[in-house]
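Student: The structure's right below; bear with me while I get my questions together.
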Amino acid sequence: MRYILILILFLNLNNIYSQTFTFYRTSPALINTNDTFGVTSYAQINNLMSGNNQLRLIKSSNSFPAGWESCICDIVQCHPPGTDTAIANYPHGISDIAVMIYTHSIPGTGYITIRTEKVSNPNEHIDVVFGCSYNPIGIHQISTIVKNYSLSQNYPNPFNPSTKINFSITSNQFVSLIVYDILGREISVLVSEHLSEGEYQTDFEAGGLSSGMYYYILRAGEFTSVKKMVITK
């Protein structure tokens with residue numbers, strides 16, 4: 001009798017922990033883009049059951065810059081950004097799904113975790129992370145890990161006709177980086193948008209400007225920093 005009970009317990013445990021599906025990303029973990037639309041990241045669900053498997057896709061968490069959105073595309077349809085869960089019956093074998101991340105022209109880097117779980121047994125689930133980095137032409141995020149606000153000296157300096165400027169911000173916020181001449185007149189707006197935490201690099205083209213000293217000012221929240229640069233012709 002004891003052996004029968006052990007056998008029943010073993011069979012029950014085997015049933016509880018048996019996996020009926022797999023869920024994995026087929027796109028890179030982080031997709032870099034300069035497309036104002038954003039990115040579409042692809043994944044696959046492999047139903048290991050002989051029949052249909054009812055699964056739920058869930059946006060379990062995200063770390064997006066303010067203003068970004070996402071939507072889930074299961075085997076039935078693409079759901080609007082406000083839909084955080086999607087239930088569908090998946091046939092035996094591999095099914096393609098997609099996760100769309102909309103940047104809405106807001107530069108930064110963000111990640112979203114999608115959980116796929118069995119509807120009849122939510123304890124059976126798999127989490128997969130999808131990432132996007134949107135950097136429009138002219139400004140590029142070169143790191144997501146920073147300790148302090150900073151504005152670096154442009155390089156090369158002096159320069160003709162182009163130079164690069166690096167700066168860092170420690171939180172998601174509106175950032176402006178503006179070039180002025182020695183009389184305080186605005187010459188060029190290099191950055192004027194919301195950015196997520198990180199270190200950035202932008203280019204400044206001075207082909208139409210005369211030789212001399214110029215200033216560039218970074219403003220981000222309560223942080224302000226000013227640097228000088230020199231154009232030589």
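Student: Please verify whether region 120-127 includes one or more residues that are outside the structural domain of residue 59 (by TED's automatic domain parsing) and touching a residue at least 60 places away in the same chain (Cβ under 8 Å).
Tutor: no
Each row is one residue, and each column tells you yes or no for (1) among the charged types (D, E, K, R); (2) over 20 Å from the mean Cα position of the chain (by Cα); (3) surrounded by fewer than 13 Cβ atoms within 10 Å (Cβ to Cβ).
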{"residue": "62", "(1), (2), (3)": "no, no, no"}
{"residue": "93", "(1), (2), (3)": "no, yes, yes"}
{"residue": "97", "(1), (2), (3)": "no, no, no"}
{"residue": "111", "(1), (2), (3)": "no, no, no"}
{"residue": "117", "(1), (2), (3)": "yes, yes, no"}
{"residue": "122", "(1), (2), (3)": "no, yes, yes"}
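Student: What's the total number of residues in region 109-132 that are touching a Leu at 6+ places or on another chain (Cβ under 6 Å) and under 19 Å from residue 194 (Cβ atoms)?
Tutor: Number of matching residues: 1.
Student: Turning to a different aspect of this structure: Confirm whether residue 107 is at pLDDT below 95 and touching an Asp or Glu at 6+ places or on another chain (Cβ under 7 Å).
Tutor: So residue 107 fits the description; yes.
Student: Moving on. If you go through region 153-168 one residue at a time, do you hit one that is farther than 25 Å from residue 41 by Cβ, among the β-branched types (Val, Ile, Thr) and exposed (fewer than 14 other Cβ atoms within 10 Å of the Cβ)?
Tutor: No, region 153-168 has no match at all.
The values are calculated or read from the model by the stated rules, or taken from the named source; none is laboratory data. The model shown is predicted, which means the values in this text are computed figures rather than measured ones. All Cβ positions, even for glycine, are placed from backbone atoms using ideal geometry, and neighbour counts span all protein chains on display.
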